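Computed from the coordinates by the stated procedures, all read-outs in this text should not be read as laboratory data. Quantities reported herein were computed from a predicted structural model and do not represent experimental measurements. Virtual Cβ from ideal backbone geometry, glycine too; neighbours counted across all protein chains shown.
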Amino acid sequence: MPDTKRVLVADDQPDVLEALRLLLKAEDFAVETVSSPAAVLAAIEERDFDALLMDLNYTRDTTSGREGFDLLTRVQQLDASLPVIVMTAWGSIQGAVEAMRRGARDYVEKPWDNPRLLSTLRTHIELGRVLRESQKLESENQLLRRGRPDLIAASRAMQPVLTLIERIGPSDANVLITGEHGTGKELVARHLHALSPRASKPLVTVNAGGLSDGVFESELFGHVKGAFTDAKTDRVGYFELADGGTLFLDEIGNMPAKQQAKLLRALQSGEFQRVGSSKTRRADVRGISATNLDIRKEVAEGRFREDLLYRLNTVEIHLPPLRDRLEDIAPLAQHFLRRQATRYRKRIGGFEREAMLALMEYAWPGNVRELEHVMERAVLMALGPQIRADDLGLHARADGGARLEEMKLEDAEQYLIQKALGRCDGNVSRAAEALGLSRSALYRRLQEYGLGAGPGGKGSE
């Protein structure tokens, strides 16, 4: 089934509407035309569109564009993610600039240039679809439903992770989660717990690498009154608190050797003693642990017990860094944007094309956690209805951001295509020439990777 691009066209001149209807229909767009602001709002409320192409001036206001500006504001309130391209008479660029400040994605001048108008529409439709990806994931990915933790994962690199989570989540298997700082290890632990029969019981998180020898046993297993000087009352430890549920041991690779033996015994037998007590207690605990270290190297160098590693990793889940998950950057950014915009009570619907390109080019050494912090800053800094590149506060690395030598071939190709299209302002012909490809070869790759003609370019095709 062909991909149908649905466009709503608004203008008070019947000849303009008919000309645009014929042009877009010939290019396989699904077109609906209306002639008043009220009809625009009614159509958007009742039907879904991929873009709105609208005039700024209407019968009651033929010069200032005020009615068009008011309409643009109402459209933003109804659907801030809908790409809006405004049409303005030649010489009225000031009005177009004002419209973009109010949330329009782009503008075309009347009389329009057919190739440029078509390229602008296609570009913003594709970018709009990318920015809505995180919303679609909720209906496409069962792991995101029914109140489970948000796990945005559209990239190919994350598909094995999702498969493992779905398969082992309902089990009692101990799981070791590895990956760099900020890749979402705790989120995966929460997801595993939510999928398990233990979901109604506690998920207890412990920074295992942050407990000193002096407090380790007391924190993990509890103590009785009088066990040591400051033991004024009995205390229940983390292990016992997790009875029937899940114990998440974060930073497990940093745990000192003396503590590892005590943890191993408790995990093997489910038995422990509170400090200062001879009474043996039991707890039914599923163990999930996480580390950013090369845990097998730690074993080989004698810093981590091999038998404890075997106990912890019945199944191992490795989380790839964000630089290997390029397809996830846009939906993650949109997800965090919605969360922070709600938190700070700001109406922000999306990203300018330069901002999205900056997000794609950045190396993300702090991974998903850094992206979340960047989006919080961007929401605080934003003055308009869209995030601008300056709002992000990113400073791209000298090598261009993504480390090509560390990418898979397909991810590197996708990155270079996006960068070329950005440099060429979305002009496919010039981007193809810069990449040493034919235009048809580049179009095939754009279709294969689900990319538009650049991140919002205006060039002709």
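Below is a table of values for the structure above.
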{"read-out": "Rounded Å value of the spacing that divides the Cα centres of region 178-208 and region 287-347", "value": "10"}
{"read-out": "Karplus 3J(HN,Hα) series, Hz, for region 211-220 with 6.51 cos²θ - 1.76 cosθ + 1.60 (x for Gly, Pro)", "value": "9, 6, 4, x, 10, 4, 5, 5, 5, 7"}
{"read-out": "Intensity falloff of region 68-126 expressed as log10 I(q)/I(0), Debye formula with alpha-carbon point scatterers, at q = 0.13, 0.17 Å⁻¹", "value": "-0.32, -0.54"}
{"read-out": "Semi-axis lengths, Å, the chain, gyration tensor of Cα atoms, sqrt of 5 times eigenvalues", "value": "54, 23, 18"}
{"read-out": "Mean separation of Cα contacts under 8 Å, 6 or more apart, over the residue count of the chain: relative contact order %", "value": "15"}
{"read-out": "Low-density loop positions, trypsin sites (Lys or Arg not before Pro), region 204-246 - DSSP coil, at most 14 other Cβ in 10 Å", "value": "Lys225, Lys232"}
{"read-out": "Structure-based [θ]222 nm, the chain - -39500 (n - 2.57) summed over DSSP H runs of at least 4, per residue, nearest 500", "value": "-13500 deg cm²/dmol"}
{"read-out": "Amide H contacts under 5 Å for Ile317, placed H, 5+ residues apart", "value": "Leu176, Ile177, Thr178"}
{"read-out": "Dipole of the chain, positive direction: furthest Cα of Ala199, Leu52, Val236, with charges on the beta-carbon", "value": "Val236"}
{"read-out": "Charge sum, other residues only, whose C-beta stays under 10 Å from Ile288's C-beta, Lys/Arg counted +1 and Asp/Glu -1", "value": "+1"}
{"read-out": "Quotient of Cα Rg and 2.2 N^0.38 Å for region 5-112, N being how many residues it contains", "value": "0.96"}
{"read-out": "Over region 207-252, equivalent-ellipsoid semi-axes from the Cα gyration tensor in Å", "value": "20, 14, 5"}
{"read-out": "Vicinal HN-Hα couplings computed from phi for region 328-339 (Karplus, 6.51 cos²θ - 1.76 cosθ + 1.60; Hz; Gly/Pro x)", "value": "8, 5, 5, x, 5, 4, 5, 4, 5, 4, 4, 4"}
{"read-out": "At 1.002 mPa s and 20 °C, Stokes diffusion of region 156-318 via Kirkwood alpha-carbon radius, µm² per second", "value": "132"}
